[in-house]
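The block underneath contains the structure these notes are about, expressed in structure tokens.
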Protein chains: 2
Amino acid sequence: MGVQETATRRGGRDARRSVRMAPNLEMLPALKYGVPVVEPMNEEQVERIHQASLAILEDVGVVFRDPIALDDWKCAGADVRDDRVHLDRGLVMELISSIPPHITYHARNPAKNVELGGKDAIFVPMTGAPYLRDLEDVRRGPTIADLGTFHKLAHMMPALHSSAHHIVEPMDIVVAHRHLHITYSSMKYSDKIFMGMTTSPRNAEDVLDMCAILFGADFLETHCVVTGNCNGNSPLVWDQVMLGAMRAFNRRNQPVLCSPFVLGGANTPASTAPAVAQLNAEALSALAYTQVVRKGCPAIYGHYLSTVSMQSGAPMAGTPEISLMNFMIGQMARRYNIPWRTSNLLGGAKIFDAQAGYESAMTMMAVLMSGANYIWHSAGWNEAGMHCSIAKFVVDAEVCAMGYRMAEGIRWDDFEEALAAVRDVGPGGHYLGHPHTQANFQRAFFMPKLFDNNSIEQWKSDGSRDIKERALSQAKRLLNEYEEPKLDPAKDEELRAYIDRRSREIPAVDALNDQY
Amino acid sequence: MGVQETATRRGGRDARRSVRMAPNLEMLPALKYGVPVVEPMNEEQVERIHQASLAILEDVGVVFRDPIALDDWKCAGADVRDDRVHLDRGLVMELISSIPPHITYHARNPAKNVELGGKDAIFVPMTGAPYLRDLEDVRRGPTIADLGTFHKLAHMMPALHSSAHHIVEPMDIVVAHRHLHITYSSMKYSDKIFMGMTTSPRNAEDVLDMCAILFGADFLETHCVVTGNCNGNSPLVWDQVMLGAMRAFNRRNQPVLCSPFVLGGANTPASTAPAVAQLNAEALSALAYTQVVRKGCPAIYGHYLSTVSMQSGAPMAGTPEISLMNFMIGQMARRYNIPWRTSNLLGGAKIFDAQAGYESAMTMMAVLMSGANYIWHSAGWNEAGMHCSIAKFVVDAEVCAMGYRMAEGIRWDDFEEALAAVRDVGPGGHYLGHPHTQANFQRAFFMPKLFDNNSIEQWKSDGSRDIKERALSQAKRLLNEYEEPKLDPAKDEELRAYIDRRSREIPAVDALNDQY
């Protein structure tokens, strides 16, 4: 084989690979579960958790470290002793009954609106990483430009339904102004839905003001456009910063994830069922409070789940107990008919090695079998959330697309037609050339772009690259082909003016929550 | 901090790690599922597949490329036209009704007997790899010594219930004699159950003769001690070699996995539900034949599943359609009340990278949610089965232990006691020192040995090793600590004498099935 021929063959293969790797950027609609959920508890066991949670709320109570919340609870008729609120079961159940079971999220591009709750679910990227692994896999502190990179990638990945907010922490922006620039980046680089910072009540107000600029203040009153998150301090404490931010969101009728933060064995009992009973009590207390703030406001049953290594104290991911707790929490949220959030594709690996793959996939499969609705941290998470990896981000997004396809369930629309093909082909034949195959293969079997299934010889001739290297190439290609979904110029100007004004008003002190 | 102090701290950490990594070698009993299975088909859809399969068996028929089988079928009353057997639905259902729904497998160490069928499941290592990645991660042709290494590791991993047979192909043994040495290695290095070669009818007889030496010929008549595998040639063909080996097993009352070999889209329709209908027809035809050979003989509903890349023709693993087909096949096997086999922890990665982790874990989670009984290829599989990796073998075995823990379900035995701990600890407290935690943490949360959840600083000070390197260290440690479960000397001598005699009798021609 001469040089010419080699070049042609090589060129042909490269061209085919180029087409194969070409991004399909159309966002998938919200996932509609077509596969039944895993429910390891019978009705009596669900009731047992429920009653245990209500007893905790009544007898132990929940600490709200916030004078406004304590006043609100007194007005609502709760038994408040110092900062501890004892919640009568009747009151709790009455309050949560006004939470809408379903949410329609509105994006600035209406084609990217998504449904949430019941059988409808969305994938949202990870957030909050203090480090990133960049396009060269270097672990370093992130900048606002890096955050933009992630928002662009989130925009381009079909199975991601949101650009989230601070996927990585932009360390080059002073802390006190960070929420403004994070929000702008989420809005600017993607026309999907996004999340809103809850780092302080005032920061939350800024986020909501910016949402009002983008969507109109009246629109917010009747439409969901942003999601906040409020972490609990388990066991059984909600703090002032989180509660204040929650109120800011709720007053504008925007939902918050009410997220007990479980480090199983450290801040919950060392046992899955009792840990879920405590978590459920915590979630119910915050969910109930959203309805004290504004009756009928949407709210999402949340949690962050890890188990703790009793050897080192480190949080663990992908463990069997996390899967079981996800199944159980799904059952509880459905008992209350409230949309619920969990965390996806978690892991503790320091690099994007096989550990990361196992942990992430175990997490995702359990999450999808749990029937979760708001599926957060769905791309990029590694090192227990300490870094977001660009390579893992694009692979996770593809893995979400695989999970999406599985969770959609079975297609039956070509069943009889395909059985006719079985008769046509007969024993010992093959289907590759059959018209049914020709007509259906594109949709029949998921073909991942980043998973190499070639022979070792082909893989070697392609450069012997591991999935991390292939993913980084793909990320570079995506960023190269990125097209910004331009903001309306008038709104863009107004948003920039808002950021300028607030940046002048807020002292540039570099500490979190200093402006509270 | 002086040199002395550093050394002490370092030594202390190493000592702690040494204890932490110390192997627990006690085999887990057969998994008893405590979590419900995922059943994406309703009763009507199960019936639709069932009826479609019966129609295929009646109208299209199945080719048995084997004169003995064709005679057997004629005697059994089937409609045989040339080599094609048309199976009446009444005949099929009558025949499979005598397959026992449950199997007790007997190991040479009775403490390692395992149950199979219904809610009982076992994990079996991968087999058949023509290459290995060795203790230095070098990809090369395996020897009989390498096979012994895998049998030793299988013996030591708690979640593996079997030493299988030719985990890797021992290339240094002439093909015609290989089955003798493989069987001996399975029997010698582990006292768990094992598998038997079905590379020809005569080879299968040799395996069963060796089983008769180990257990006694009469014992085999009434007890299961070995498992064979018969792959189908989809679509709808069973060949002479496989059928002959199957008969050898069945005549001695030993079970065979009746395994259609699905390359979805190539040898089945490009659609999940019709592919399952064809596979189900194929499995039923072989299962029915086992009962023609010996009524009441145990048999296992099998299959190998992959989907085919329509870009390259390569088989894929971990894809959403494979998960869905596993769920569906589980439903079909349960409809017939027959134990069933699937494949676990599959993948197409060429190295032990994140791709391998994702694919393997997605496969395992789907398999466990399918309620599979005989869970084959549960350790070491990579590169679409072209190599068995020692590193992946030990990690997969740990991942099986994690899956096992999840599939066992929820413990409720300490529920009230742990709720009392919630009252003791109260809002804002912590559980680490509570007596309930002290008493329960060891069993509460799975603590993987090979998954690193430490901080990046600790990980760096431990050598910045990826999971592959950690796994290879652990494998070396395990092999160093391996203790052979000695065969009874008289039986050992008889086995060796049998191998010597047969090696003299069988011409050492280096081609598969030449002695058939």
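Check which residues have an amide H placed less than 5 Å from A:Asn233's amide H, if you skip close sequence neighbours.
For A:Asn233, whose amide H was placed from the backbone, the distant partners under 5 Å are A:Trp238, A:Asp239.
At 222 nm, what helix-only mean residue ellipticity would the protein assembly as shown give, in deg cm²/dmol to the nearest 500, using -39500 (n - 2.57) for each DSSP H run of four or more?
-15000 deg cm²/dmol
Just to confirm the numbers: A:Glu493, label point 7 angstrom along the Cα-Cβ line, distances to the other copies in nm, shortest first?
Label point to label point, same position, other copies: 10.1 nm.
Full extension from A:Glu94 to A:Asp500: what is 0.36 nm times the residue separation minus their Cα-Cα distance, to one decimal in nm? Before the final figure, lay out each step's value.
Numbers: separation 406, 0.36 × 406 = 146.16 nm, distance 4.38 nm.
That works out to 141.8 nm of additional length.
Would region B:75-178 count as rounded, prolate or oblate if I go by the C-alpha gyration tensor, calling it rounded below 1.5 in a/c and otherwise prolate when a/b exceeds b/c, oblate otherwise?
Oblate shape, in that a/c is at least 1.5 and b/c is the bigger or equal ratio.
What does the copy distance list look like for A:Asp424, label position 7 Å along Cα→Cβ, in nm and ordered from shortest?
7.0
Between the alpha-carbon centers of region A:285-355 and region B:147-180, tell me the distance in whole angstrom.
Each part reduced to its Cα centre gives a spacing of 42 Å.
Distances from A:Gln458 to the same residue in each other copy, label points 7 Å out along Cα→Cβ, in nm, shortest first?
In nanometres, ordered from closest: 4.3.
Given the rotation relating B and A, tell me which residue in B puts its Cβ closest to the axis and the distance in Å.
Reported as residue, whole Å: B:Gly357, 1.
For chain B, count the residues as N, evaluate 2.2 N^0.38 Å, and divide the Cα radius of gyration by that value, please.
Compared with the compact-globule rule of thumb, chain B sits at 1.03.
Just reorder B:Asp120, A:Asp488 by solvent-accessible area, largest first, 1.4 Å probe, all chains present.
Descending order: A:Asp488, B:Asp120.
Report, in listed order, any pair from B:Lys449/B:Lys486; A:Lys392/B:Lys392; A:Lys152/A:Lys392 with a Cα-Cα distance greater than 18 Å. Please list the in-between numbers first.
Values: B:Lys449/B:Lys486 28 Å; A:Lys392/B:Lys392 20 Å; A:Lys152/A:Lys392 15 Å.
Cα-Cα > 18 Å for B:Lys449/B:Lys486; A:Lys392/B:Lys392; rest within.
So, in Å, what gap is there between the alpha-carbon centers of region B:464-511 and region A:441-516?
For region B:464-511 versus region A:441-516, the Cα centre distance is 50 Å.
Let's see if you can work this out: charge +1 on each Lys and Arg Cβ, -1 on each Asp and Glu Cβ, no other charges. What is the dipole magnitude of the protein assembly as shown about its Cα centre, in debye to the nearest 20?
1140
How long is the gain from A:Asn42 to A:Gln438 if the chain were fully straight, where each residue apart is worth 0.36 nm and the alpha carbon distance is subtracted?
Value of the extension gain: 138.0 nm.
Among residues other than B:Arg423 whose Cβ falls under 14 Å from its Cβ, what is the net charge (Lys/Arg +1, Asp/Glu -1)?
Summing Lys/Arg as +1 and Asp/Glu as -1 gives -4.
What's the longest uninterrupted piece of chain A once you rule out the trypsin sites (Lys or Arg not before Pro) that are loop residues per DSSP with at most 13 other Cβ within 10 Å?
A:1-294
Looking at chain B, which longest stretch skips every one of the GluC sites (Glu not before Pro) that is in a DSSP loop with at most 10 other Cβ atoms within 10 Å, leaving the sites themselves out?
So the longest stretch without any such site is B:137-482.
So for chain A: antiparallel DSSP bridges make up what percent, rounded to the nearest 5? Could you put the intermediate results ahead of the total?
Working: 18 of 45 bridges.
Just about 40 percent of them are antiparallel.
If you take the square roots of the eigenvalues of the alpha-carbon gyration tensor of region A:282-424 and sort them as a ≥ b ≥ c, do you get rounded (a/c under 1.5), prolate (a/b over b/c) or oblate?
The shape class here is oblate.
So, with +1 on the Cβ of K and R and -1 on the Cβ of D and E, and no other charges, what is the size of the charge dipole of chain A about its Cα centre, to the nearest 20 debye?
Dipole magnitude for chain A comes out near 900 debye.
The values are calculated or read from the model by the stated rules, or taken from the named source; none is laboratory data. This structure is a prediction, so every number in the text was calculated from the model and none was measured. In this analysis, Cβ positions are derived from the backbone assuming ideal geometry, glycine residues included, and neighbour counts consider all displayed protein chains. Please note that ligands, DNA and RNA were not included when accessible areas were found on the heavy atoms of the full protein model with its side chains. Shrake-Rupley method; radii C 1.70, N 1.55, O 1.52, S 1.80 Å.
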